[in-house]
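Okay, so here's the structure we're looking at.
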Amino acid sequence: MSARVACFGEMLLRLAADRGELLCTARELAVHVGGAEANVAIALAHFGHPTAMITVVPQGALGERCVSELRCHGVDSAAVQFAAGRMGLYFLERGAGLRPAQVVYDREHSAFARQIAYGVPWERVLAGAEWLHVSGITAALSAEAAGTLTTGVRAAHARHVRVSFDCNYRPSLWRERAEEAGSVLREIAAHAEILFANAHDLALILGVPPPLEASAGDAVDMFDALAQAVFAQFASVQQIATTQRHEPTAEAQELAGRLATRAGVLHSRVYALRDIIERIGSGDAFAAGILHGALSGFDPQHALEFATAAACLKHTVAEDFSLAGMQHVDALLRGETALRR
């Protein structure tokens, strides 16, 4: 593999109702390719990094569409397998005003979930890679998927491939396995160098009661304290990154980034987001920005500022993945938002 970063996870199709329409009344649904790990791979490719996707897609037109999307954005698809089964889906009802967005998953028994139960040839697909990026979403799909993911991060660790892990805890996916979530996420986190996690995720990893709804200031304090506890417990973890969002309405929000390191905690500037097009995938754009900083040798503060700006730009496009290149992010960091001619 020539890619520096390998991303492992399920690709999905998103079926989204138009803004102002509910899923229960929509007559048309817009189709987009997505998936957390693919979003990171594509964003990193736009930042100029060779990336590859490790996944399974169904045989037929829908699987071919996913592979075509990867290739269109310069992501290596050599490790993509085709298998019998269905395409994983999720449905999006966009928020408006005081009504929040809603996501409904339909991904049980997908080709990905069925095939990875048999494992992944990790020695082969990790050959040549410097980083492996994974998400807790994969672990939530089934006990078998969690086992394959855990084997993958162990294999990466043994090969000195650096691991980044987005905890991405989704209660609607864990359901009857909710009691397992903490121990599963903890095992994966133990092999990661960079964690993407909020305070609730960190509490799950540590096996402590999750924080209740708190004010913005209290949430920051909780994140900082829990991050220090993670550093004390897991020697491999060097950075823990998260976004902080204030969302009075669906279209007008504030976003900032926070990065805990063993030397201290950093925070980015706060961005006021107005007329949001789509926030889906902004966390993945943020993760790609942090990884871009690590790959490029940025100091932690610059990496955090770059990642937060990348997440903000993601709100301006309707796709699941970010299309911003380094020049777009750098322009935002310089405050260049005026019309270009």
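Is it the case that some residue within the range 159-171 is part of a strand (DSSP E or B), modelled with pLDDT of 95 or more, aromatic (Phe, Trp, Tyr) and closer than 30 Å to GLN238 by Cβ? Yes. Criterion applied to ALA199, ALA216 was being small (Gly, Ala, Ser), surrounded by 16 or more Cβ atoms within 10 Å (Cβ to Cβ), modelled with pLDDT under 95 and farther than 25 Å from ARG154 by Cβ, and the one residue passing it is ALA199.
Screening the range 76-98 for residues that are under 21 Å from ALA127 (Cα atoms) and without any contact (Cβ under 8 Å) to a residue 60 or more places away in the chain and picking the one that is farthest from the chain's Cα centre (by Cα) gives PHE82. Exactly one residue among ALA156, ALA145, ALA140 is closer than 15 Å to ALA79 by Cβ and either of a type outside the set (Phe, Trp, Tyr) or surrounded by fewer than 17 Cβ atoms within 10 Å (Cβ to Cβ) (or both), and that residue is ALA156. When ARG114, ARG19, ARG86, ARG99 are checked against the criterion of being modelled with pLDDT under 95 and more than 23 Å from ALA318 (Cβ to Cβ), ARG114 stands alone in meeting it. Being without any contact (Cβ under 8 Å) to a residue 40 or more places away in the chain, under 18 Å from GLY9 (Cα atoms) and out of contact with any Ser or Thr (no Cβ under 7 Å at 6 or more places or on another chain) is a condition met by no residue of the range 48-62. Restricting attention to the range 117-128, does a residue exist that is closer than 30 Å to ALA252 by Cβ, of a type in the set (Phe, Trp, Tyr) and either in contact (Cβ under 8 Å) with a residue 60 or more places away in the chain or outside any strand (DSSP E or B) (or both)? No. Can you name every one of the strands (runs of 3 or more DSSP E) wholly within the range 251-331 that holds 2 or more residues which are crowded, with 24+ Cβ neighbours inside 10 Å? Answer list for the range 251-331: 253-261. Candidates in the range 234-250 are the residues that are in a loop (DSSP other than H, G, I, E, B) and of a type in the set (Ser, Thr, Tyr); of these, the one that is modelled with the lowest pLDDT is THR249.
ALA318 - would you say it is among the hydrophobic types (A, V, I, L, M, F, W, C), farther than 13 Å from PHE47 by Cα and in contact (Cβ under 8 Å) with a residue 60 or more places away in the chain?
Yes; evaluated as a whole, the condition is true for this residue.
Looking only at residues in the range 175-196 that are under 17 Å from the mean Cα position of the chain (by Cα) and assigned to a helix (DSSP H, G or I), the one that is nearest to VAL103 (Cα to Cα) is LEU185.
The values are calculated or read from the model by the stated rules, or taken from the named source; none is laboratory data. Every value quoted in this text rests on a predicted model; they were computed, and no experiment measured them. Because the Cβ atoms are built from the backbone with ideal geometry, glycine has one as well, and the counts that use them run over all protein chains shown.
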